[in-house]
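Notes follow the structure.
Readers should treat all values here as calculations from the given coordinates under stated rules, not as data from a laboratory. These numbers come from a predicted model, not from an experiment. Neighbour counts run over all protein chains shown; Cβ positions are idealised from the backbone, glycine included.
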Amino acid sequence: MTEAMLRVDQAGEFGATRIYAGQLAVMGDRAPHAAEVAAMAAQEAGHRAKFDALMAKRGVRPTALQPLWSAAGFALGAGCALIGPEAAMACTAAIEEEIDRHYSEQLDELDGSDPELAELITEFRADEREHRATALAAGAERAPGYMLLSGAIRLGCRAAIALSKRI
Ligand SMILES: [Fe+2]
Ligand SMILES: [Fe+2]
């Protein structure tokens, strides 16, 4: 059971690095909030590296959908950033809301078992909550079509989670 958890979590953190890479490719380093985005991207890289290491230690294979998440994550990040900096933040807020929920569900499921994994999830969940707060403070809700954009991204995120659990 924890193998599937680790697989989906690594896929998510990998996807997060790709979303931020897409955002930064469009925004460059001088756009409003580029520094915050770069800082969040660095944290995602750290999350991913820790899950990579735990997977290697436990011999868990990554999701076969990694190439898809690489392309889809980058396209999502770049696409939102093309709409504007607030849409990029709306993307981050939507994703982090789903990841917060996902990590909370996993911690409930683990219920004290596998403390090594639970510790990472708890630590990362705190970071993701901060990312969401950062994105909201940076004007996520002022993005054009915020409700629609946010709803679509959250739906896509849930589908990605469901698929990565299975494949
Ligand atoms: Fe993360
Ligand atoms: Fe995050």
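Semi-axes of the equivalent ellipsoid of the range 1-64 are 28, 10, 7 Å, computed as sqrt(5λ) over the eigenvalues of the C-alpha gyration tensor in descending order. Net length available on complete extension from MET1 to ALA133 is 44.4 nm, with 0.36 nm assigned per residue and the Cα-Cα distance removed. Against the main long axis of the alpha-carbon atoms of the chain, helix 115-137 sits at an angle near 10°. For the range 40-167, the relative contact order is 35 percent, taking Cα pairs closer than 8 Å that sit 6 or more residues apart in sequence and dividing their mean separation by the residue count. Over 22 Å apart: what share of the alpha carbon pairs of the chain falls there, rounded to a whole percent? The share of Cα pairs beyond 22 Å in the chain comes to 37 percent.
Over the residues of the range 88-167, compute the C-alpha Rg and express it relative to 2.2 N^0.38 Å.
Numbers: Rg = 13.8 Å, N = 80, 2.2 N^0.38 = 11.6 Å.
Dividing the Cα Rg of the range 88-167 by 2.2 N^0.38 Å gives 1.19.
Using a simple spin-label model with pseudo-atoms 7 Å out from Cα toward Cβ, ILE167 and LEU68 lie 0.2 nm apart.
Taking the chain as the reference, fit the longest principal axis to its C-alpha atoms, fit the long axis of helix 2-27 to the helix C-alpha atoms, and give the angle between the two in degrees, 0 to 90, nearest 10. For 2-27 against the chain, the angle is about 20 degrees. Gain on full extension, evaluated as 0.36 nm per residue between ALA31 and ALA45 minus their Cα-Cα distance, stands at 2.9 nm. Here the spin labels are modelled as points 7 Å beyond Cα on the Cα-Cβ line, and at ALA38 and ARG58 they lie 3.5 nm apart.
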